[in-house]
Amino acid sequence: LDEGDGQMRAAVLDRFGPPETLRIREIERPQPSAGEILVEVVAAGINPVDAHNRRDGSWAGIELPAVLGSDASGIVSEVGPGVVDVRVGDEVFYFSDFLGSRGGSYAEYQAVDAAIVATKPVTITHAEAAAVPLAAGTAYEVIQRRLAISTSESILIFGAAGGVGTYAVQLARIAGARIVAVAGREAHELLRELGATVTTDYDNVEAAVRSSVGEVDGIADLVGKSRVPTSLPLVRAGGRVASIVELIGDFDAAIDRNVTVHGVLVRPDGERLRHLADLLERKLLRPLVTSEYALDDVVAAHRRIEERHGRGKVVLRIRPERPGAEKAQ
Ligand SMILES: NC(=O)c1ccc[n+]([C@@H]2O[C@H](COP(=O)([O-])OP(=O)(O)OC[C@H]3O[C@@H](n4cnc5c(N)ncnc54)[C@H](OP(=O)(O)O)[C@@H]3O)[C@@H](O)[C@H]2O)c1
């Protein structure tokens, strides 16, 4: 790393397109404005929205050239004017916005609003921390804030094995709910370990709900494909539904049964992340990193995320976990 010349290495997107459009090159290191901090990124988390924005980020207002990436964990290297509660040397993790053209986390440095960060729990690595904020934040938004699932309630989760789903199952377990988790069979054992009461594939959802909990208080839809409209008869009258992907199909049954339907778009939120940090610190919540790639291998990492394997998160390694660790190896 060349710390002296105001430059940094980053994965830069010069045109929208396939994974190969991402190129590693030197660009100007950002400077923290008022209220911002500059973070030496140790690990950057990859989310499906990054692939979306790489293919075409015009919906998100992204102007090219751009550096993608919303999730990161790292060490504070500078603080901008007016920042009082974050100090140089603090280890922090965060989800920065995927809307707009701010520099992203696939870089050696990122300048972010100090209000969106939380202290990285000492119990987890930077790579694990980078796998948390956007996906677990979305799960928190769905399970805690919108569906407000509580003890002894039951929930049906479509897409339980994905980056968001694995956190949604854990958060529903923490809430004390009975969980019917829907995913491909390969993930069922993991989902039971994470807290699912019952696991099922996509073809046997009705039978799984009827034979275990009868009906559910809520549905979390993390996959789409019009599964919610056909599953509305499984929701109790007065129940609720939340989708993070799409609301397509016939929702008339939601009216007939007084079911509340939530559309969810996750936004950066430091307070929510501090709640999640507390759950991580207490080992109630487990980050799931399925694969780690060097920054230089960002193209391979994006190919991997496009495969939609689920089972956890893909992370980019920007720096060694501990200063000097590379030299020691
Ligand atoms: N609205 C928001 O704020 C928000 C926030 C985060 C993510 N999202 C969106 O929510 C979705 C899930 O995110 P994620 O991070 O959990 O994604 P992910 O890690 O790629 O997981 C997606 C999961 O969905 C399942 N799936 C079933 N059918 C699929 C299909 N045809 N295509 C893709 N996946 C399929 C896959 O597992 P199985 O085959 O085992 O079911 C996979 O585990 C993505 O579309 C993402 O863009 C929205």
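Looking at region 252-271, which of the residues that are more than 13 Å from Arg146 (Cα to Cα) and either small (Gly, Ala, Ser) or under 14 Å from the mean Cα position of the chain (by Cα) (or both) is nearest to the ligand (Cβ to nearest atom)?
This residue is Arg267.
Pick from Arg15, Arg54: which is open to solvent by 70 Å² or more (accessible area, probe 1.4 Å) and in contact with a Leu (Cβ under 7 Å, 6 or more places away or on another chain)?
That would be Arg15, the only listed residue that is open to solvent by 70 Å² or more (accessible area, probe 1.4 Å) and in contact with a Leu (Cβ under 7 Å, 6 or more places away or on another chain).
Residues to consider are Thr138, Thr125, Thr119; find the one that is open to solvent by less than 30 Å² (accessible area, probe 1.4 Å) and of a type in the set (Val, Ile, Thr).
Thr138
When you scan region 224-329 for strands (runs of 3 or more DSSP E) that lie fully inside it, which ones turn up with 1 or more residues that are open to solvent by 50 Å² or more (accessible area, probe 1.4 Å) and more than 21 Å from Ile124 (Cβ to Cβ)?
Ranges flagged: 235-243, 260-263.
Can you report the number of residues in region 290-320 which are within 15 Å of the ligand (Cβ to nearest atom), among the β-branched types (Val, Ile, Thr) and modelled with pLDDT of 95 or more?
Residues in region 290-320 being within 15 Å of the ligand (Cβ to nearest atom), among the β-branched types (Val, Ile, Thr) and modelled with pLDDT of 95 or more: 2 in total.
Scan region 178-195 residue by residue and report those that are open to solvent by less than 10 Å² (accessible area, probe 1.4 Å) and more than 10 Å from the ligand (Cβ to nearest atom).
Once the filter is applied, which keeps residues that are open to solvent by less than 10 Å² (accessible area, probe 1.4 Å) and more than 10 Å from the ligand (Cβ to nearest atom), region 178-195 yields Ile179, Val180, Leu194.
Out of region 214-223, which residues are open to solvent by 10 Å² or more (accessible area, probe 1.4 Å) and aliphatic (A, V, I, L, M)?
Scanning region 214-223 gives Leu222, Val223.
Within region 161-173, identify whether any single residue is away from the ligand (no atom under 13 Å from the Cβ), touching a residue at least 24 places away in the same chain (Cβ under 8 Å) and over 22 Å from Asp269 (Cα atoms), and answer yes or no.
No - not one qualifying residue is present in region 161-173.
Can you report the number of residues in region 39-60 which are free of Cβ contacts under 8 Å to residues at least 60 places away in the same chain and of a type in the set (Gly, Ala, Ser)?
First, pick out the residues of region 39-60 that are free of Cβ contacts under 8 Å to residues at least 60 places away in the same chain: 52-53, 55-60.
When the remaining residues are screened for being of a type in the set (Gly, Ala, Ser), the result is 57-58, 60.
Counting residues in region 39-60 that are free of Cβ contacts under 8 Å to residues at least 60 places away in the same chain and of a type in the set (Gly, Ala, Ser) gives 3.
Sort out which residues of region 36-60 are of a type in the set (Gly, Ala, Ser) and either within 16 Å of the ligand (Cβ to nearest atom) or in contact with a helix residue (DSSP H, G or I) (Cβ under 6 Å, 6 or more places away or on another chain) (or both), and write them in order of number.
Within region 36-60, Ala43, Ala44, Gly45, Ala51, Gly57, Ala60 meet the criteria.
Any chance you could count how many residues in region 10-39 are part of a strand (DSSP E or B), under 24 Å from the mean Cα position of the chain (by Cα) and under 19 Å from Ala300 (Cβ atoms)?
7
Of the residues Glu78, Glu36, Glu63, only one is in contact (Cβ under 8 Å) with a residue 12 or more places away in the chain, surrounded by fewer than 18 Cβ atoms within 10 Å (Cβ to Cβ) and more than 30 Å from Arg308 (Cβ to Cβ); which?
The conditions single out Glu78.
So if I check each of Tyr140, Tyr94, which one is part of a helix (DSSP H, G or I) and touching a residue at least 60 places away in the same chain (Cβ under 8 Å)?
Sole residue among the options that is part of a helix (DSSP H, G or I) and touching a residue at least 60 places away in the same chain (Cβ under 8 Å): Tyr140.
The values are calculated or read from the model by the stated rules, or taken from the named source; none is laboratory data. Please read all numbers here as calculations on a predicted model, not as lab measurements. Backbone-built Cβ (ideal geometry, glycine too); neighbour counts: all protein chains shown. With ligands, DNA and RNA removed, areas are computed over all heavy atoms of the protein, side chains included. Shrake-Rupley method; radii C 1.70, N 1.55, O 1.52, S 1.80 Å.
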